[in-house]
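Step one of this worksheet: look at the structure below.
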């Protein structure tokens, strides 16, 4: 799509948007839904010819996004949200935007002739690869292959520590949903501290635990620029009960390894488009709920409160906790199958109302810091996981 020298494109890894028109300094686009479903929050595109122009990018179908049940007291995903812009795909800043009459308008500053605009800073597969390469340069970490995705990508597993009798099996997962790139930055921070030879807690956890990290559960969806689905059109975080290896092979591969190794703790990292806070979901509604798991979850949350000022246990489950757990979701299914502390982590796309950052909101740097802080919470419960 072009008019003069002004062009908009998405022909790169993770790119997503449907160009509609260019008129003067206004570009109109539509969000692209994942192939087999209605999910379409994610956008990521490049504008060329932007030098000297104060551009407006209008998302015409912003109001088509569906909301989760029980969210009436929380503003929708567009209200109070500001996208990200970059001139080099490395350094990202927030830009102004407004939402009115079902239309979301991004005000793109003239920072360079070519700019990239994204719902949240991307965490591309080359950054995943660099993170893995850095991790395996430490002798305590080794790379294993869980299998190959439908599009031929490796499903990476990082194995950290030395297996031994009585050592708790700790699992960390990220990016079941491709658009929730904050999970990549979170895992990056967690690994950096865990494998920092100068960090006493990182060393202690590597010695005491048998750790399994799947940084990118859905690499195909990430490359495709999907919001939630994999290459087979499946929302992987709705595939953990009665898993079909044809439609959700990534989940099936992880489950096979979990059943071979065991699970004593699991944390699954996600992002939430609406909530203005960091949120933890625990195994509180599963059929086999126990006082032991309730206590572990409470102690874990209290430890995270002490190490992360953006998190508070006072921030409620959005819409109220469900009466029964959805066992299609990873954290519930894993808790039920393995009788273990299994936790859902949600990070905001906007900002946190606690410890807020008016300029950057919830940023990649804060995701990384949360990953580092999460080790303190794991340490608080590790001796009681088995």
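Read the figures in this text as sums done on the coordinates, not as results from a lab. The model shown is predicted, which means the values in this text are computed figures rather than measured ones. Positions of Cβ are generated from backbone atoms using ideal geometry, with glycine treated the same way; all protein chains shown enter the neighbour counts.
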Checklist entry - Does a label point 7 Å from the Cα of residue 36, set along Cα-to-beta-carbon, have any residues of region 331-361 with amide nitrogen under 19 Å, and which are they? => result none
Next on the checklist: Order 318-326, 82-90 from most to least packed using the mean count of other Cβ atoms within 10 Å.
Outcome noted: 82-90, 318-326
Item to check | Helix axis angle, 291-307 relative to the chain longest principal axis, alpha carbon, degrees | outcome: 50
Next on the checklist: Please give the Cα centre distance for region 5-43 versus region 322-386, rounded to the nearest Å.
Outcome noted: 31
Checklist entry - Antiparallel DSSP bridges in the chain: what percent, to the nearest 5? => result 65
Checklist entry - Say each of residue 353 and residue 112 gets a label point 7 Å from the Cα, pointing the same way as Cα to Cβ; how far apart are those two points in nm? => result 3.7
Checklist entry - How high is the relative contact order of region 159-317, given as a whole-number percent (alpha carbon pairs under 8 Å, six or more residues apart)? => result 27
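Using 0.36 nm per residue of separation minus the Cα-Cα distance, give me the extension gain between residue 103 and residue 302 in nm, one decimal. Before the final figure, lay out the partial values.
Values: separation 199, 0.36 × 199 = 71.64 nm, distance 4.03 nm.
Roughly 67.6 nm would be gained on extension.
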Item to check | Tensor-based shape of region 97-186 (alpha-carbon gyration tensor, a/c under 1.5 rounded, otherwise prolate or oblate) | outcome: prolate
Item to check | Label zone at residue 125 (point 7 Å along Cα-to-Cβ), backbone N below 15 Å, region 213-235 | outcome: 215-226, 230-232
Checklist outcome for this item: Helix 249-261: inclination vs the chain longest Cα principal axis, degrees, rounded to 10, gives 20
Next on the checklist: Can you give me the angle between helix 364-381 and the longest principal axis of the chain, using Cα atoms only, in degrees from 0 to 90, rounded to the nearest 10?
Outcome noted: 10
Item to check | Interatomic Cα distance distribution for region 2-118, bins of 5 angstrom, percent | outcome: 2, 11, 21, 25, 20, 12, 6, 2, 1, 0
Checklist outcome for this item: For region 1-146, averaging the sequence separation of alpha carbon pairs under 8 Å that lie six or more residues apart and dividing by its residue count, the contact order in percent is 23
Checklist outcome for this item: From DSSP H assignment alone, runs of 4+ in the chain each adding -39500 (n - 2.57), the sum over residues rounded to the nearest 500 puts [θ] at 222 nm at -8000 deg cm²/dmol
Next on the checklist: Checking the a/c ratio against 1.5 first, then a/b against b/c, what shape does the Cα gyration tensor give for region 101-252?
Outcome noted: oblate
